[in-house]
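**Q** Please see the structure below; I have some questions.
The values are calculated or read from the model by the stated rules, or taken from the named source; none is laboratory data. None of these values were measured; they are calculated from a predicted model. Here the Cβ positions follow ideal geometry from the backbone for every residue, glycine too, while neighbour counts run over all protein chains shown.
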Amino acid sequence: MNPLAKELNEILEGSIADVMLSDYGKRMYFPKGIISQSAEAKKKATRYNATIGIATEKNEALYIPSIYDGFSNGLTANDIFPYAPTAGDVNLRKAWLDEMILKNPNLEGKKTSLPVVTSGLTHAISIAFSLFLDEGDEIIVPDFYWGNYNLIFTEQRKAKNVTFSLFENGKLNIEGLSRTIDECTGDKVSLILNFPNNPTGYTPTVDEAEKIVSMLVSKAEAGKKLLVFTDDAYFGLFFEEDVCRESLFSLLSDAHENIFTVKGDAATKEEMVWGFRVGFLTYNSKGMTEAQYEALVQKTMGAIRGNVSSCSKPAQTLLLQGMKSPTYHQEKKSGIAKIQSRYEVIKKVLATYEGNDDLLPLPFNSGYFMSFTCKGDSEVLRTHLLDNYGVGTISIKGKYLRLAFSSTDIENIEELLSIVYKAAGEVF
Ligand SMILES: Cc1ncc(COP(=O)(O)O)c(C=O)c1O
């Protein structure tokens with residue numbers, strides 16, 4: 001049991017709640033991860049707060065104007081107040097699928113389920129794995145992953161995380177993934193791949209993506225039955241020429257009868273509506289029939305119904321209305337361009353620190369973040385930065401430090417890095 005859960009249970013000892021707690025209730029805790037480090041930074045990071053996993057400019061959330069306009073655009077009562085259908089507004093589901101195909105040309109002409117609306121991507125991951133992961137099942141998760149997977153896989157599902165190093169010698173470790181699949185017991189193997197990755201900011205190149213696909217297909221041909229969940233939270237934030245611009249969901253679509261792909265994505269970051277809580281789940285496998293896709297949608301609806309009943313109606317209305325605006329794509333592009341220009345500056349500035357081994361940048365080419373491997377304890381560096389420089393960062397596993405360039409204004413990047421390197425020199 002997690003020590004934080006134990007601590008909470010001890011506090012509750014002797015109370016009626018303690019007697020009533022379920023097994024899951026006993027295992028539950030609120031992690032001291034990104035959320036609590038961000039909360040600390042909110043109080044103390046008076047200079048720069050590079051913890052925030054949203055995109056901001058001058059301390060304000062970035063947004064797509066066509067979506068913002070919806071708040072003053074005279075929506076009718078029926079656009080806002082009724083329940084949304086359990087699987088989501090059908091027009092939004094269709095629009096999301098159309099956009100998905102536009103962004104992923106390999107999906108053209110392929111059959112998938114119609115995306116089901118969830119209450120954000122966290123909910124999509126939790127719902128999907130409630131359908132596909134049993135207690136004691138193994139799930140392959142790279143060593144760099146979004147910490148919330150722990151609550152979903154380990155605590156909710158009581159599954160076993162099987163891990164592999166995402167990088168080996170500074171390169172994507174496809175061989176390690178391949179070996180880990182082989183080592184899983186039984187023929188049924190589940191894995192989750194998140195690109196652009198949180199916390200590293202890495203996405204496979206076109207060449208690497210092709211290698212991942214052919215490796216997975218060869219496992220499927222050899223008889224492994226694979227569930228590949230693509231966590232596409234940061235989809236679209238690709239900043240280098242050679243980065244693969246299609247989701248692995250798309251590249252794996254109809255690849256083999258033994259490969260079942262589940263795409264978890266969300267408006268959250270793609271459309272810059274973090275608080276709306278709109279995510280999606282979409283399924284594909286070669287040879288799956290319309291009736292089978294519909295059966296999967298019905299099961300997903302059942303899981304949603306018994307969990308949050310249905311998702312936010314006004315959020316879906318505002319999102320769909322924004323997506324239909326003729327200026328929408330251009331506006332979205334300009335938001336992405338802002339984050340890209342910060343990426344370019346951070347790359348340039350980091351080049352000037354080459355040879356400084358206090359902090360070694362991990363490979364990154366996309367997304368919101370970059371992370372360093374620290375020479376010493378990253379938690380010591382994080383608190384030193386917070387207490388002495390008013391700079392908020394995220395420390396991971398005592399070894400890595402994550403910076404969000406998505407929420408650091410371009411003119412502050414150079415100084416942010418100079419403070420981080422200076423502080424590292426002081427504590428390591
Ligand atoms: C990798 C990854 N997956 C999923 C999510 C969850 O997104 P949402 O806010 O839509 O639940 C996040 C959010 O930070 C994330 O970083």
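**Q** Pairs please, first residue from region 225-240 and within 15 Å of Lys338 (Cα to Cα), second anywhere and of a type outside the set (Ser, Thr, Tyr) and more than 14 Å from the ligand (Cβ to nearest atom), Cβ atoms under 7 Å, 6+ apart in sequence or on different chains.
**A** Here the result reads Gly236/Lys103; Gly236/Ile336; Leu237/Ile336; Leu237/Ile339; Phe238/Arg245; Phe239/Gln340; Phe239/Asn365; Glu240/Asn365, each pair linking region 225-240 to a residue that is of a type outside the set (Ser, Thr, Tyr) and more than 14 Å from the ligand (Cβ to nearest atom).
**Q** Do you know which residues across region 199-235 are more than 19 Å from Leu281 (Cβ to Cβ) and either within 16 Å of the ligand (Cβ to nearest atom) or not assigned by TED's automatic domain parsing to the domain that holds Glu257 (or both)?
**A** If we filter region 199-235 for residues that are more than 19 Å from Leu281 (Cβ to Cβ), which is where we start, we get 199-225.
Listed by number, the residues that qualify are Pro199, Thr200, Gly201, Tyr202, Thr203, Pro204.
**Q** Oh, and also: For residues in region 357-415 being farther than 23 Å from Asn150 by Cα and among the β-branched types (Val, Ile, Thr), which is nearest to the chain's Cα centre (by Cα)?
**A** Checked region 357-415; the qualifying residue nearest to the chain's Cα centre (by Cα) is Thr408.
**Q** Scanning region 116-138 for residues that are part of a loop (DSSP other than H, G, I, E, B) and away from the ligand (no atom under 14 Å from the Cβ), which turns out farthest from Val297 (Cα to Cα)? Don't jump to the end; show me each part of the working.
**A** Step one: of region 116-138, the residues part of a loop (DSSP other than H, G, I, E, B) are 119-120, 133-137.
Narrowing the set further to residues that are away from the ligand (no atom under 14 Å from the Cβ) leaves 133-137.
Working: Leu133: 17, Asp134: 19, Glu135: 23, Gly136: 25, Asp137: 23 Å.
Going through the qualifying residues, I end up with Gly136.
**Q** Consider Lys110 carefully, then state whether it is assigned to a loop (DSSP other than H, G, I, E, B), more than 16 Å from the ligand (Cβ to nearest atom) and either touching a residue at least 24 places away in the same chain (Cβ under 8 Å) or not assigned by TED's automatic domain parsing to the domain that holds Ile396 (or both).
**A** Values: assigned to a loop (DSSP other than H, G, I, E, B): yes; more than 16 Å from the ligand (Cβ to nearest atom): yes; either touching a residue at least 24 places away in the same chain (Cβ under 8 Å) or not assigned by TED's automatic domain parsing to the domain that holds Ile396 (or both): yes.
Here the answer is yes, as Lys110 does meet what is asked.
**Q** Can you tell me which residue within region 250-299, out of those that are touching a residue at least 24 places away in the same chain (Cβ under 8 Å), more than 16 Å from the ligand (Cβ to nearest atom) and part of a helix (DSSP H, G or I), is farthest from Ser214 (Cα to Cα)?
**A** Narrowing region 250-299 to residues touching a residue at least 24 places away in the same chain (Cβ under 8 Å): 250-274, 276-288, 290, 293-294, 296-297, 299.
Checking which are more than 16 Å from the ligand (Cβ to nearest atom) leaves us with 250-261, 283-288, 290, 293-294, 296-297, 299.
With the extra rule that they be part of a helix (DSSP H, G or I), the set shrinks to 250-251, 290, 293-294, 296-297, 299.
Working: Ser250: 13, Leu251: 10, Glu290: 26, Tyr293: 25, Glu294: 28, Leu296: 26, Val297: 28, Lys299: 30 Å.
Looking at the filtered set, the residue picked out is Lys299.
**Q** For region 168-183, does any single residue satisfy the condition of being under 29 Å from Met370 (Cβ atoms), of a type outside the set (Phe, Trp, Tyr), within 16 Å of the ligand (Cβ to nearest atom) and within 20 Å of the chain's Cα centre (by Cα)? First the steps, then the outcome.
**A** Going through region 168-183, the residues under 29 Å from Met370 (Cβ atoms) turn out to be 168-181.
Checking the rest, the ones that are also of a type outside the set (Phe, Trp, Tyr) come to 168-181.
Add one more test, that the residue is within 16 Å of the ligand (Cβ to nearest atom), and what stays is none.
No, the conditions are met nowhere in region 168-183.
**Q** What's the number of the condition Glu13 fails, among (1) in contact with a Pro (Cβ under 9 Å, 6 or more places away or on another chain); (2) of a type in the set (D, E, K, R); (3) exposed (fewer than 12 other Cβ atoms within 10 Å of the Cβ)?
**A** Just one mismatch for Glu13, condition (1).
**Q** Could you run through region 112-153 and say how many residues are more than 14 Å from the chain's Cα centre (by Cα), among the small types (Gly, Ala, Ser) and either surrounded by fewer than 19 Cβ atoms within 10 Å (Cβ to Cβ) or within 18 Å of Lys188 (Cα to Cα) (or both)?
**A** Number of matching residues: 3.
**Q** Next question, about the same structure. Among Leu226, Leu177, which is the only one that is outside any helix (DSSP H, G or I) and buried (at least 18 other Cβ atoms within 10 Å of the Cβ)? Steps first, answer last, please.
**A** On the way: Leu177 fails: outside any helix (DSSP H, G or I).
So the residue among Leu226, Leu177 that is outside any helix (DSSP H, G or I) and buried (at least 18 other Cβ atoms within 10 Å of the Cβ) is Leu226.
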